[in-house]
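Readers should treat all values here as calculations from the given coordinates under stated rules, not as data from a laboratory. Please read all numbers here as calculations on a predicted model, not as lab measurements. Cβ placement follows ideal geometry from the backbone for every residue including glycine, while neighbour counts extend to all protein chains displayed.
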Amino acid sequence: MSGQRSESNYTDVVKWIDDRLPMFTYLQKEYGEYPAPRNFNYFWNFGAIAMTMLVLMIVTGIVLSMQYSPDASMAFGSVERIMRDVNNGWLLRYMHSNGGSFFFIAVYIHIFRGLYYGSYKNPRELLWMLGVVILLLMMATAFMGYVLPWGQMSFWGATVITNLFSAIPLIGEEVVIWLWGGFTVDNPTLNRFYSLHYLLPFVIFGVVILHVIALHVTGSNNPLGVEPKGPQDTVPFHPYYTVKDMFGLGVFLIVYAAFVFFAPDYLGHPDNYIPADPFLTPEHIVPEWYFLPFYAILRAIDFNIWFVPAKLIGVVLMFGSILVLFVLPWLDTSKVRSARFRPLYKQFFWVLVIDSFILGWVGANAPGDPVSPWTGGFKFITLGQIGTLYYFGHFLVLLPLLGWLERPRPLPSSISEAVLGSSAVGGGAVAGGATAKPMEKS
C-alpha cells in the first residue's frame, strides 16, 4: 500500500509540474513517441554519443576549473597539482583530455555518416549547416583548451596558430595583437583563452539544442535515403532506439575508458609535459591529432601565386576546407541521397576517407621529410599537395559532375518494403521499374 501511495504521489507531482511547465509532455512527444525510421543502423548512435561526450566534457571541465590557475607563472604547476595532490584529479584530467579526442571521434564519424547517406540534402540543409557550426565551435574550444596546460606544445602551438592571422592583408598584425592581448603570447593570452574555453562549450550546447530541434522538424534521414511514407515505415524512438543508443554508447565508453585508464597519454604529445619556454622552440610543432588534416592543408602551399603569399593561401585553404561544407547541399546535384544507390559516389566517398587519413599522416610529419626511404625525393609536402587537391576537387568538381553523369540504382518504394521484403507489405513497385530486394535489418 505504501508503494502504491508513493507512486501516486510521484505521478501527482509530475502532473502538477507538467500542467504549469509541460516539459514531461514535450520529452514524451520528442523522445518517446517521436516516429523514427525503422531502419537505423549503428552509425545513427553517434549523435547521442557526441551529446554524451559534450556533457561529460562540460562537467569535468567545471570541476577542473576549480583547481586551475590561469596565470602564466602558475598554470603548468596547477595542472601538475591537479594530477598529484587533488583527490581523483588525475582521473578528471585524463577524462577531460581524452574526452576531447573521443568527442571529435564521435563527431567525425557522425559527419562522415552524413556524407555517406546524404543527410545534408533537402530538406535538411539548415540541420547540416548547424552541424558545421558545431564543428567550428568545437575546434575553437579544443584549440584554446590545448593552450591551458602551458607546456611547450601549448605555448608554441598558440604562437604558430595565432600568427596565421597576420597573413590577413592590412589588418593582420592588429588582429594578432588583439588575440594575444599584447605583443607576444603571454599571461593576457592565457587569460583570454581560459575564459573562452570555459564559455564556448555552453555555446556549443545551445547550438546542439537548435540542431536537435531542426532534426525533429525535418525528421531523420535513414540508410536508404527514402522518406517515411506512413506509420509502417517508423517505430517510436523509445524504447527501440533508446536501447540501441545505450548499447552503442556502452561499447564506445568501454573503448574510452580503456584509453583513460591504460593509455591516457597516447593521444597527447610528450613535449607538453615540459613547461613553456619562449626561448626554446620544439623541433617539430604539431597540433592535436584531430587538427592534423587541416594542418596538412595549411602547409600544403609552399610557393607564392602571383602577388598572393603562400602563407595567406594556406590560411584560406585551411578555413576553406571547413567552409566548403556549408555549401555542400548545393554542390551535390544528385537527387538520390544514400550512397547505397550511387555506385560511383560510394567509391569516391571512400577515396575521401582515405585522403583524410593521408592528410592526417602528412600533418603529423615535417613537410621536408621524405615519405619513406624508398621514395627518393617524394616528400610529405608533395603528398600533402596531392591530398589537398583531391579534398577540394571532391567537393567542388566531382560532386557537381556526378549528379549529371552518375546513373543511380533503383530506389525501394518505401522503408518497410526494403526492411521487411515486398511480400510482407503486399509487394510494390520500385522507381525505375525494378523489384526491390529485401535489405538487411538494422
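Hey, can you grab everything whose amide H is under 5 Å from the amide H of Lys379? Only 5+ residues off in sequence or another chain; H modelled, so Pro and N-termini drop out.
Val371
Quick one: compute the contact order of the chain, relative version, from alpha carbon pairs under 8 angstrom and 6+ residues apart, as a percent.
Here the relative contact order equals 20 percent.
Extension gain His238-Tyr26, at 0.36 nm per residue separation less the Cα-Cα distance, in nm?
Details: separation 212, 0.36 × 212 = 76.32 nm, distance 1.37 nm.
Residue separation times 0.36 nm, minus the Cα-Cα distance, leaves 74.9 nm.
With θ set to phi - 60° and the Karplus curve 6.51 cos²θ - 1.76 cosθ + 1.60, what are the ³J(HN,Hα) couplings of region 70-85 in order, to the nearest whole Hz, using x for Gly and Pro?
So the Karplus estimates, Gly and Pro as x, are x, 10, 4, 8, 10, 4, 4, x, 5, 5, 5, 5, 4, 5, 9, 10 Hz.
Would you tally the net charge around Lys346, using a Cβ to Cβ cut-off of less than 12 Å, leaving Lys346 out, and scoring K and R as +1, D and E as -1?
+2
Of the listed pairs Lys311/Lys335; Lys121/Lys311; Lys29/Lys346; Lys311/Lys346; Lys15/Lys244, which have alpha-carbon separations greater than 32 Å here?
Exceeds cut-off: Lys311/Lys335; Lys121/Lys311; Lys29/Lys346; Lys311/Lys346.
Give the shape of region 290-407 as rounded, prolate or oblate, defined through the alpha-carbon gyration tensor: a ≥ b ≥ c are the square roots of its eigenvalues, a/c under 1.5 means rounded, and otherwise the shape is prolate if a/b is larger than b/c and oblate if not.
Working: a/c = 2.42, a/b = 1.61, b/c = 1.51.
Here region 290-407 falls in the prolate category.
Could you tell me the relative contact order of region 290-407? Use alpha-carbon pairs under 8 Å, at least six residues apart, and round to a whole percent.
Details: 129 pairs, mean separation 44.9, N = 118.
Worked out over region 290-407, it gives 38 percent.
Give the long-range amide H neighbours of Val235: residues separated by 5 or more places, or on another chain, with amide H under 5 Å away, using H modelled in the peptide plane at 1.01 Å from N.
Ala36, Arg38
Around Pro231, under 12 Å between beta carbons, what's the net of Lys plus Arg minus Asp minus Glu among the other residues?
Values: positive: Arg38, Lys229; negative: Glu33, Asp233.
For residues surrounding Pro231, the net value is 0.
Extending each Cα 7 Å along its Cβ direction at Ile274 and Val14, get the distance between those two points in nm, one decimal.
Distance between label points: 5.9 nm.
So for the pair Leu323, Phe303, with labels modelled 7 Å out along Cα→Cβ, what separation do we get in nm?
Those two pseudo-labels are separated by 2.5 nm.
Can you give the net charge of the other residues whose Cβ lies under 15 Å from the Cβ of Trp289, counting K and R as +1 and D and E as -1?
That sum, taken over residues with Cβ under 15 Å, equals -3.
Quick one: grab the alpha carbon gyration tensor of the chain, order the square roots of its eigenvalues as a ≥ b ≥ c, and give me rounded if a/c is under 1.5, else prolate or oblate depending on whether a/b is larger than b/c.
Here the chain falls in the oblate category.
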